[in-house]
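Everything below concerns the one structure shown next.
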Amino acid sequence: MDKINKSCYESRRYIDYLAKEFLNLRNNIFSKNIGVIFTLHHVVKSIDEIDSGIAPLYITINYLEEIIRFCKKRGYAFLSIDELIYEIEKNRYHKNNKIIIVTIDDGYKDIYKNAYPVLKYYKVPFTLYVAASFPDKKAIIWWHIINKILHETGRYNKQMFLPHKYYKKILKHGKNQKFALEKVVNNIISKEKKIDIDCEHFNSKLSESILIDCDDLKEMVKDPLCTIGSHGYWHFGLRYASAFQVYRDMLVSKRILEKNLNIKVDHYAYPYGTPYSVGPREFKLACLSGYKSAVTNGKEYLYHSNYKNLFCLPRYMLSEADPIKNIF
């Protein structure tokens, strides 16, 4: 019976996902998008620095500059997330040009080193959605860990972006990511007797090398171009956790960022942000947590219809493999 209920639950979720995709397709066919909220994760200096196992999370400095120049040349308006929300609340729209909002998720060192100087040079406002455990170096960055282990064990497949089965297994454990990670890692290395990996030590070492420092955040906060938003604290699959755990994580991340950076945090980005990880319950909880807006993630554009729910604003995740002309 449990298997039947689980299967029905997954089927309903898949149907919900298909319905959402159909609505997006209908919007694309029958109406013009009014702009896009871009999502960035990693920005590196050259293609050689892109980690092939998680390549969709990377773009290069050149790619970032090209897309900024492309948008500016066509007269697109770069807005901050606060400006976007203000326009929505005042029921104002840019009729003559599209709007572009740049957002960055998680909080990696390469954002401070590579993305920030470019955005500052071109005077592009941006929102950095920080997972509060990242600058604390307490995050469980399982996607990087699994990717490294797949490489080391020779089980990496160049045609895949972190095999979907691992993504699903981690998310289904909700907040218990550490337990889920250890199970996945043990499964990967079970046949590799020569490899002995301490997940906690490996995660700590990796965190120190790639996660952003609090001092770097404090410097960026001083820039009027920068808006800090919350990306949760533990960065877990919200849909698989209890309402209390989700609500608490949203509140705790907000308060920690506000205290450590001495700012007001009004905006939120759902961890992962896909239909598989968030839904209507999370939209309501984000509102109850005191945020003014919240964003999802995928390959979606802004339409007038999106303006109806400030806690379900769609985004378009940029990847080096996306031809710029095809995006618009």
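Assorted remarks:
- Cross-linked pairs Lys72/Lys120; Lys73/Lys222; Lys73/Lys218; Lys218/Lys299; Lys32/Lys72: Cα-Cα separations exceed 23 Å for Lys73/Lys222; Lys73/Lys218; Lys218/Lys299.
- One Cα centroid belongs to segment 235-288, the other to segment 42-115; the line between them spans 22 Å.
- Taking amide H as placed 1.01 Å from N in the peptide plane, the amide H of His231 sits under 5 Å from that of Val130, Ala131, Ala132, Ala269, each at least 5 places away or on another chain.
No value in this document is a laboratory result; all are computed from the given coordinates. The shown structure was predicted, so the numbers you read here are calculated from the model rather than taken from an experiment.
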